[in-house]
Structure formats: C-alpha cells, structure tokens
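Quick notes on the structure that follows.
Every read-out reported here was derived from the displayed coordinates using simple, explicitly stated rules and does not represent laboratory data. For clarity, every value in this text was computed on a predicted model and none was experimentally measured. Cβ coordinates were reconstructed from backbone atoms using ideal geometry, including for glycine residues, and neighbour counts include every protein chain displayed.
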Amino acid sequence: MRHGTIPGASGRVRPLTLLGDPVLETPCAEVTDFGPELAALVEDMFATMYAARGVGLAANQVGVGLRVFVYDCPDDEDTRHLGHVVNPRVVELDGVTVRGPEGCLSLPGLEAATPRFDHAVVEGVTVSGEAVRVHGTGFFARCLQHECDHLAGGVYVDRVAGWRRRRLLRQVARAPWS
Ligand SMILES: [Zn+2]
C-alpha cells in the first residue's frame, strides 16, 4: 500500500477459504520475507475483505499460512480503524468480557454471540518492517482478537459454548457452503 492510495485498489480478489479447510486450522508461520509478494498479499487481502464486506481478514482466509491480517473496522464510538499487521502479538488483553454478535467470512451468513475482552493491544510490523502498535476497544478489540485467533489456527466457533455452540454447529452443518 503506497501513501495516498486506497488500500486494495490495486489488489486482486482471492477466493475465501471456508470452515473445514485445513489452512484455517493450522497456526500460521512468521513472515520473514518482506519483499513485493508480501505487499501484494496485503493489497489482495484488502480487495478481498472489501469485496466480501468484511471488517477484518487473516491471510489463511485466502489460503496463505502467514501471520498477517488487515482490518477496516469501527469501534463502539464509530471511530474507523484501518490498517494491517504483520507478525502480530497480543500484548494486552483486559477489561470486561462482553458477549456480542460475531461473524466470519469463512462461515458466510452465520453469527453467534461470542465472549471477548473489551480492550486489546496488538504489536507487530508493517509490510515495510516498521513497528506498529494497534489499540482496540469494543467492537474493534473484538476484531483484533478474532484475527489473531485465525493466525493461531482458531475460529470464533471455538469460543462459543453451550446451546449457542450447538445451534451454531447445526447451522454450519446445514449451510450451503459446508
Ligand atoms: Zn474470521
């Protein structure tokens, strides 16, 4: 992403991986090559996220097992957060736990009330290797936790319990894409 350009404008929409694809269940690898392929991946991830009307996307959701995510997500005060993180680490996770509606582009059409911390801080680097620190509250904190879960090989279903989980798994089994 170059300064002054719209993220994703030069990107290509890639096919989304869906729940059940092994790449979603495998922890992603650290990025070590900060060349043009990484910049192209991030551009493509923005294009794919916008095409699917998502607010966040992890690289394994386009079939690439690398620790990268992108986001364009509001918080509870409607402040927009836009960016990407390479090799993210969750460095703070606290505040109250809030159960709120959560969906995922890899489980299209479904959502479930999922508990998440209200405050999260993620550190990592950009495609050019500069350090970034991303601070999230409310819905944006939820997004940061959701994307970091993907990179660890998890999905939000793992965090849903009880009858909500049973209902979600029934919906997954009935979904046209599963
Ligand atoms: Zn997701």
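Data table
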read-out: Residues whose placed amide H lies under 5 Å from that of Leu16, excluding near-sequence neighbours; value: none
read-out: Highest-first arrangement of 163-176, 140-153, 39-52, 69-82, where packing means the average Cβ count within 10 Å; value: 140-153, 39-52, 69-82, 163-176
read-out: For Ala29, residues with placed amide H under 5 Å, excluding near neighbours; value: Leu66, Arg67
read-out: Antiparallel bridges, percent of DSSP beta bridges restricted to region 1-150 (to nearest 5); value: 95 percent
read-out: For region 84-178, Kirkwood radius (reciprocal of mean inverse C-alpha pair distance, Å); value: 14.2 Å
read-out: Vicinal HN-Hα couplings computed from phi for region 161-178 (Karplus, 6.51 cos²θ - 1.76 cosθ + 1.60; Hz; Gly/Pro x); value: 10, x, 5, 5, 5, 4, 5, 4, 5, 5, 5, 4, 4, 8, 5, x, 8, 8
read-out: In sequence order, calculated HN-Hα J values of region 36-51 (Karplus, 6.51, -1.76, 1.60; Hz; x Gly/Pro); value: x, 5, 5, 4, 5, 4, 5, 4, 5, 5, 4, 4, 5, 4, 5, 4
read-out: Average projection area in nm² (convex hull over Cα atoms of the chain, one quarter of hull surface); value: 9.8 nm²
read-out: Pairwise centroid distance, computed over Cα atoms, of region 41-71 with region 132-178, Å; value: 15 Å
read-out: Karplus 3J(HN,Hα) series, Hz, for region 86-97 with 6.51 cos²θ - 1.76 cosθ + 1.60 (x for Gly, Pro); value: 9, 6, x, 10, 7, 9, 9, 8, 7, x, 6, 8
read-out: Built amide H within the under 5 Å cut-off of Thr114, gap 5+; value: Gly100, Glu102
read-out: Cα long-axis angle, helix 138-151 against the chain (0 to 90 degrees, to the nearest 10); value: 80 degrees
read-out: Size of charge dipole - the chain - debye, nearest 20, with Cβ of Lys, Arg +1 and Asp, Glu -1, no other charges; value: 780 debye
